[in-house]
1. Filter the stretch 44-57 down to the residues that are of a type outside the set (A, V, I, L, M) and surrounded by 15 or more Cβ atoms within 10 Å (Cβ to Cβ), then identify the one that is nearest to PRO100 (Cα to Cα).
2. Quick check on ARG102: is it crowded, with 16+ Cβ neighbours inside 10 Å, farther than 22 Å from PRO133 by Cβ and of a type in the set (Lys, Arg)?
3. Residue by residue through the stretch 95-113, note down the ones that are of a type in the set (Gly, Ala, Ser) and part of a loop (DSSP other than H, G, I, E, B).
4. Would you call ASP118 of a type outside the set (A, V, I, L, M, F, W, C) and either crowded, with 17+ Cβ neighbours inside 10 Å or within 16 Å of the chain's Cα centre (by Cα) (or both)?
5. Quick test of your reading of the structure: ILE134 fulfils all but one of (1) surrounded by 15 or more Cβ atoms within 10 Å (Cβ to Cβ); (2) more than 13 Å from the chain's Cα centre (by Cα); (3) closer than 22 Å to VAL27 by Cβ. Name the failing condition by number.
6. Would you check which residues across the stretch 114-162 are touching a residue at least 60 places away in the same chain (Cβ under 8 Å), part of a loop (DSSP other than H, G, I, E, B) and of a type in the set (Phe, Trp, Tyr) and list them?
7. For the stretch 105-115, enumerate the residues that are among the polar types (S, T, N, Q), over 18 Å from the mean Cα position of the chain (by Cα) and surrounded by 13 or more Cβ atoms within 10 Å (Cβ to Cβ).
8. One residue is enough: does the stretch 73-94 have a residue meeting the conditions under 17 Å from the mean Cα position of the chain (by Cα), aliphatic (A, V, I, L, M) and outside any strand (DSSP E or B)?
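A short reminder: the numbers here are calculations on the coordinates, not readings from a lab. Source: prediction; values computed, not measured. All Cβ positions, glycine included, derive from the backbone under ideal geometry; neighbour counts span all protein chains shown.
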Amino acid sequence: MKDLYYLIVICLFVGFASQSFATDYSVHPIGYVVKNSGKVTLDILPQYREALSGLKDFSHIYVFYWFDRNDSLEKRSILKVHPRGNKENPLTGVFATHAPVRPNLIGLSICKIESIDDGVITINGIDAFDGTPIIDLKPYRPSSDCFPDASVASWVNTHKGNQH
């Protein structure tokens with residue numbers, strides 16, 4: 001009887017636990033990249049501007065954005081690319097590159113903050129198009145985000161091709 005009790009408890013737990021994990025996710029823009037006359041800003045939507053509190057204390061931020069112009073079933077199914085678009089580089093899995101084609105079209109750039117004013121963050125530049133949706137921001141912390149002894153693939157140190 002005790003074993004049956006434990007089996008029921010385990011089944012209930014597994015049932016509840018499996019229901020608590022979402023299988024579909026929803027991502028909404030918090031703002032948009034704006035490129036105008038050589039100036040690059042991140043225009044944060046009014047409902048998220050309160051979340052910028054304290055960001056002025058940081059010099060750099062991670063900007064997560066959506067490669068919205070690559071959002072097609074065909075481009076999401078590309079799993080290998082020649083890094084930087086250079087055929088001389090080995091065919092490499094997209095998870096080992098910064099290619100804008102990938103199963104989930106999340107882009108990431110580290111940007112220097114020039115100023116923050118009324119929900120608009122002026123940055124030094126970003127590898128994203130004008131109008132690209134921003135999905136998240138995080139402060140860059142050298143103490144935990146910098147790894148001087150990190151290693152990279154040999155093609156990373158060549159300057160042939162574009163940046164992904």
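1. Among residues in the stretch 44-57 that are of a type outside the set (A, V, I, L, M) and surrounded by 15 or more Cβ atoms within 10 Å (Cβ to Cβ), the one nearest to PRO100 (Cα to Cα) is TYR48.
2. no
3. ALA99
4. Here the answer is no, as ASP118 does not meet what is asked.
5. Only one criterion in (1) surrounded by 15 or more Cβ atoms within 10 Å (Cβ to Cβ); (2) more than 13 Å from the chain's Cα centre (by Cα); (3) closer than 22 Å to VAL27 by Cβ is unmet by ILE134, namely (2).
6. Across the stretch 114-162, the qualifying residues are PHE129, TYR140.
7. none
8. Yes, because at least one residue in the stretch 73-94 is under 17 Å from the mean Cα position of the chain (by Cα), aliphatic (A, V, I, L, M) and outside any strand (DSSP E or B).
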